[in-house]
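Take this structure, written in structure tokens, and hold onto it; I'll ask about it next.
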Amino acid sequence: DETLAKLVIDIKIPVFVIPGNHDSGDRLGFGSRIMSDKGLHVVNSLNPVEQVFQLQDSFGDVYLSAIPFLEPVLARQYFQDDGIINQNSALKASISCISKLIPPNARSIMLAHAFVTGGSVSDSERPLSVGTAEEVEVGNFDCFNYVALGHLHHSQAISNESINYSGSLLKYSFSEASHNKSFNLVEMNEKGSCSIERVSLTAKHDLRRISGTMQEILEN
């Protein structure tokens, strides 16, 4: 609350938030229409009209799309499509609808919560489903200039530098002890090309891994 208030109210930077698989979308989205007037946009809807935002910079329009974590059973019901049986088909249906709301050749950004095939996992991610049904194809994002992903806790680019997991801000399992936490500062030029700077984050209390007998650990 303190961070969001400073960004949105004090500095007047619009913020876009989506629920992930750990969240209750309905709970997180309570009051979202009221908060949108201040610039805090919590996107928990499957309605494409409520997922696309037209922003502006010094070069003109930029379209930001935000897709919350997609439960295939809910997406199948919403889109009335029996072919939606996994994460990939749900995402494909959502992006297909969103793409119709973005003008051709417009600069665009996608914000999504998904496990893209090829990503490096840690012990922190709660499985979305059984087997590979949770994975989505990186090709789904080909029509966007930059893709900001959530779900995997390790900072990493997928396929190319324009598709990125910024990773978690803190370390949530011992498998993350060696992670260097950061966030991505992305600048887009007039043609939609992006430069990315990874800004390091240092936690107040670090997580580290030590091993030995109980006696050895107590003595040290």
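Which fully enclosed strands (runs of 3 or more DSSP E) of segment 102-220 have 3 or more residues being out of contact with any helix residue (DSSP H, G or I) (no Cβ under 8 Å at 6 or more places or on another chain), open to solvent by 50 Å² or more (accessible area, probe 1.4 Å) and modelled with pLDDT of 90 or more?
Fully inside segment 102-220 and qualifying: 182-188, 194-200.
Let me ask something additional. Quick check on my filter: what residues within segment 1-11 are modelled with pLDDT under 95 and either assigned to a loop (DSSP other than H, G, I, E, B) or of a type in the set (Phe, Trp, Tyr) (or both)?
Within segment 1-11, ASP1 is the sole residue that qualifies.
Looking at segment 25-50 only, could you name the residues that are open to solvent by 60 Å² or more (accessible area, probe 1.4 Å), out of contact with any strand residue (DSSP E or B) (no Cβ under 9 Å at 6 or more places or on another chain) and either aliphatic (A, V, I, L, M) or part of a loop (DSSP other than H, G, I, E, B) (or both)?
ILE34, ASP37, LYS38, VAL49
Same structure, new question: Give me a count of the residues in segment 7-24 that are open to solvent by 50 Å² or more (accessible area, probe 1.4 Å) and over 19 Å from LEU152 (Cα atoms).
Adding up the residues that qualify gives 7.
Exactly one condition in (1) modelled with pLDDT of 95 or more; (2) open to solvent by 40 Å² or more (accessible area, probe 1.4 Å) is not met by ALA93; state its number.
Looking at each condition in turn, ALA93 falls short on (2).
Being small (Gly, Ala, Ser) and not in a helix (DSSP H, G or I) is the filter here, so list the residues in segment 51-87 that pass it.
The answer is SER58, GLY60, SER65, ALA66, GLY83.
Yes or no, residue by residue, for (1) touching a Leu at 6+ places or on another chain (Cβ under 9 Å); (2) hydroxyl-bearing (Ser, Thr, Tyr):
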| residue | (1), (2) |
| --- | --- |
| PHE183 | yes, no |
| GLU197 | yes, no |
| THR202 | no, yes |
| ARG208 | no, no |
| SER211 | no, yes |
| MET214 | no, no |
| LEU218 | no, no |
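The values are calculated or read from the model by the stated rules, or taken from the named source; none is laboratory data. As the structure is a computational prediction, the values presented were derived from the model and not from experiment. Glycine gets a Cβ as well: all are built from the backbone with ideal geometry, and neighbour counts include every protein chain shown. SASA here: full protein model, heavy atoms, side chains in, ligands and nucleic acids out. Shrake-Rupley method; radii C 1.70, N 1.55, O 1.52, S 1.80 Å.
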